[in-house]
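Only the coordinates and a few stated rules stand behind these numbers; no lab work does. Being a predicted model, the structure only gives us computed values, none of them experimental. With ideal geometry, Cβ positions are generated from the backbone for all residues, glycine too; neighbour counts draw on all protein chains shown.
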Amino acid sequence: MTLTDKQSIREAYDDVRDDKTETNWCILKYEGDKISLESRGVDMDEFRSHFTDDQRVFGFVRMFTGDELSRRAKFALISWVGHDVGALKRAKMSTDKASVKDVIQNFAAEYLASEKSELSDEYIREVLIKAGGANYGTGCRD
């Protein structure tokens, strides 16, 4: 398995990580046995629309976590395997992820998802908070 265009994937990755842009996600999908950049954007509903039961998808997303005094951008790498994906393709995904991680290198959390509920803002944020350790917020925001 190879990445079709590492440069475009690297640019999308950098765009998501750049605090000066609104872009907060990018999607990598399989085209045959190759992985390529599918899309990037700001609308989380559009992000979720790329994850279907017949697809294998890698999603890289930026979310803000922290308490009222300390808000930080955190990043998650999501590997999606839809329910209708065959066993051989499912197994291959774990080895293909190494190629993806050659380009998408820095993230606070990584997880495998197969349910739409695992793509909600709340779920992703909770995964990032747990990966970050202690949360000392007071519950009050000025």
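Give, as a single signed number, the net charge of other residues whose beta carbon lies under 14 Å from the beta carbon of Q105, with Lys and Arg counted +1 and Asp and Glu -1. Could you put the intermediate results ahead of the total?
Numbers: positive: K6, R10, R17, K97, K101; negative: D14, D102, E110.
Overall, the nearby charge balance is +2.
Would you work out the charge dipole size for the stretch 36-117 about its Cα centre, treating the Cβ of every Lys and Arg as +1 and the Cβ of every Asp and Glu as -1, and quote it to the nearest 20 debye? Walk me through the numbers before you get to the answer.
On the way: 13 positive and 13 negative charges, 63 e Å.
The dipole magnitude comes to about 300 debye.
At an R0 of 22 angstrom, the distance between the Cβ atoms of Y111 and S8 translates into a FRET efficiency of 0.35.
Using only C-alpha atoms and all pairs of different ones, pull out the Kirkwood radius for the chain in Å with one decimal. It is 15.7 Å.
Return the percentage of antiparallel bridges among DSSP beta bridges fully within the stretch 2-132, rounded to the nearest 5 %. Mind showing how you got there, number by number?
Working: 24 of 31 bridges.
Within the stretch 2-132, antiparallel bridges account for around 75 percent of the total.
Positive end of the dipole of the stretch 2-132 (Cβ unit charges, origin at the Cα centre): among L119, A76, M93, the Cα lying farthest that way belongs to M93.
Below 8 Å between Cα atoms, with a sequence gap of 6+, how large is the relative contact order for the stretch 2-132 in percent? Provide the component values of the computation, followed by the final result.
Working: 220 pairs, mean separation 28.6, N = 131.
With pairs under 8 Å counted, the relative contact order is 22 percent.
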